[in-house]
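Notes for the one structure printed next.
The values are calculated or read from the model by the stated rules, or taken from the named source; none is laboratory data. Only a predicted model underlies this, so the values are computations on that prediction, with no experimental measurement involved. For neighbour counting, all protein chains shown are included, and Cβ atoms are generated from backbone atoms with ideal geometry for every residue, glycine included. The accessibility values were calculated without ligands, DNA or RNA, using every heavy atom of the protein model including side chains. Shrake-Rupley method; radii C 1.70, N 1.55, O 1.52, S 1.80 Å.
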Amino acid sequence: QVQVSESGGGLVQPGGSLGLSCPASGIIFSEHDIGWYRQAPGKQREMVATISTRWQPNYTDSVKGRFTISRDNGYRLISLQMNSLVPEDTAVYYCHVLGTDNWGRGTQVTVSE
């Protein structure tokens, strides 16, 4: 059974940066597309970025040019580098192995003065 555990969230000022990471276990990591999702208060969970098994990234429009998703198949690690953060990025961020039903607890990212 796949397990993921997000870390790296926190409070940051607008314009700042954060890096999220997420080790995964219980799967053949290299055989799955993976991604980061987020859920803001009162809103549905949305896709932030995904990266395929062929290393092809895909981003939601609002984060293009600011966020970078990466994967390390050797360490089974999913990462998200977030730059130029804005208050609208405030949410709980989740990593996810596509095609599975399991989700982690998420990590809170708050962008505020």
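A few points about this structure:
- Residue that is farthest from the chain's Cα centre (by Cα), among those in the range 36-89 that are assigned to a strand (DSSP E or B) and among the acidic types (D, E): D72
- Evaluated against (1) part of a strand (DSSP E or B); (2) open to solvent by 50 Å² or more (accessible area, probe 1.4 Å); (3) within 15 Å of V4 (Cα to Cα), R105 falls short on exactly one condition, (1).
- Note on the range 40-61: residues that are more than 15 Å from S30 (Cβ to Cβ) and touching a helix residue (DSSP H, G or I) at 6+ places or on another chain (Cβ under 7 Å) total 2.
- In this entry, V92 is excluded by the filter for residues that are in contact with a Phe, Trp or Tyr (Cβ under 8 Å, 6 or more places away or on another chain), at pLDDT 95 or above and part of a strand (DSSP E or B).
- Qualifying positions in the range 72-87 - open to solvent by 20 Å² or more (accessible area, probe 1.4 Å), touching a residue at least 40 places away in the same chain (Cβ under 8 Å) and on the phi < 0 side of the Ramachandran plot: N73, Y75, L77, S79, Q81, N83, V86, P87
- Scanning the range 49-71 for residues that are on the phi > 0 side of the Ramachandran plot and among the small types (G, A, S) yields a single hit, G65.
- The residues in the range 3-24 that are assigned to a strand (DSSP E or B) and in contact with a Pro (Cβ under 8 Å, 6 or more places away or on another chain) can be counted, and the count is 1.
- Residue, surrounded by the most Cβ atoms within 10 Å (Cβ to Cβ), within the range 20-60, restricted to residues that are touching a Lys or Arg at 6+ places or on another chain (Cβ under 7 Å) and among the aromatic types (F, W, Y): F29
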